[in-house]
Amino acid sequence: MDERAEISTPKDAANNALVLAFGRLQGAANRLEYILGRALEVECGISHLMFEVLLILGRAGEPGLPMRAIAQEQVLTTGGATRLVDRMEAAGLVERVEDPGDRRGRLVRLTPQGERTTVAAARLHVENIRRCFLAPLPVEDRERFAENLRMLSHAARDMLPRLP
């Protein structure tokens, strides 16, 4: 892939190898997001974004996480994270509790229903990932592909500004 290819026309721009590669990555991600997200909605009654928050909270365990940490992890504003957690709380998936380390602070944690939903959704999601994400790839390339995606994700995360 020539990273210094001359771009002097719209056709050059549209056919640039780097532009095409990134477009394919974005297109695949968007299509998979739709397919896998739709399955979570239909089968589990949650959006993919809600599922991601359930996973974040599952990783964190007790006593939970502050709203700012959820917002930072999901690249949301704190207001966006608050609205999402409000919907999740109304659905019985999460609860807000006092922060034992800061009497003024509140933490978000999974409820028992949130724990059950996380497990059920993850089981469905893993099967759909196998079918839609891994199955099209040659077996010998899967591990390296997953590692490359991890590196890209971490590099992009590290480029983002941190919330105050």
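The values are calculated or read from the model by the stated rules, or taken from the named source; none is laboratory data. The structure displayed is predicted, hence computed values, not measured ones. The protein model used for the area step is the full one, side chains on, heavy atoms only, and it has no ligands, DNA or RNA in it. Shrake-Rupley method; radii C 1.70, N 1.55, O 1.52, S 1.80 Å.
Between residue 42 and residue 129, what length in nm is gained on full extension when 0.36 nm per residue of separation is reduced by their alpha carbon distance?
Contour length minus the Cα-Cα distance gives 29.7 nm.
Under a 5 Å amide H to amide H cut-off, with H placed in plane at 1.01 Å, what residues pair with residue 105 once short-range neighbours are removed?
Amide H neighbours of residue 105: 99.
By how many degrees, between 0 and 90 and to the nearest 10, does the Cα long axis of helix 112-129 differ from the longest principal axis of the chain?
20 degrees
Please give the solvent-accessible surface of residue 41 in Å², to the nearest 10, using a probe radius of 1.4 Å with every protein chain present.
90 Å²
Rounded to the nearest whole Å², what accessible area per residue is found for the chain with the 1.4 Å probe?
Working: 11260 Å² over 164 residues.
Ligands and nucleic acids excluded, the figure is 69 Å² per residue.
What part of the accessible area of the stretch 82-132, given as a whole %, is carbon or sulfur when the probe is 1.4 angstrom?
On the way: 1570 of 3260 Å².
Carbon plus sulfur share of accessible area: 48 percent.
Mind sorting out which of (i) 32; (ii) 21; (iii) 37 is the real percent of Cα pairs over 28 Å apart computed from the coordinates?
Read-out taken from this structure: (iii).
Once phi is turned into θ = phi - 60°, what whole-Hz ³J(HN,Hα) does the Karplus curve with 6.51, -1.76 and 1.60 give for every residue of the stretch 55-64, x standing for Gly and Pro?
5, 4, 5, x, 5, 6, x, 7, x, x
Largest first and to the nearest Å, give the Cα extent of the stretch 1-73 along each principal axis.
Cα spread of the stretch 1-73 along its principal axes, largest to smallest: 55, 29, 17 Å.
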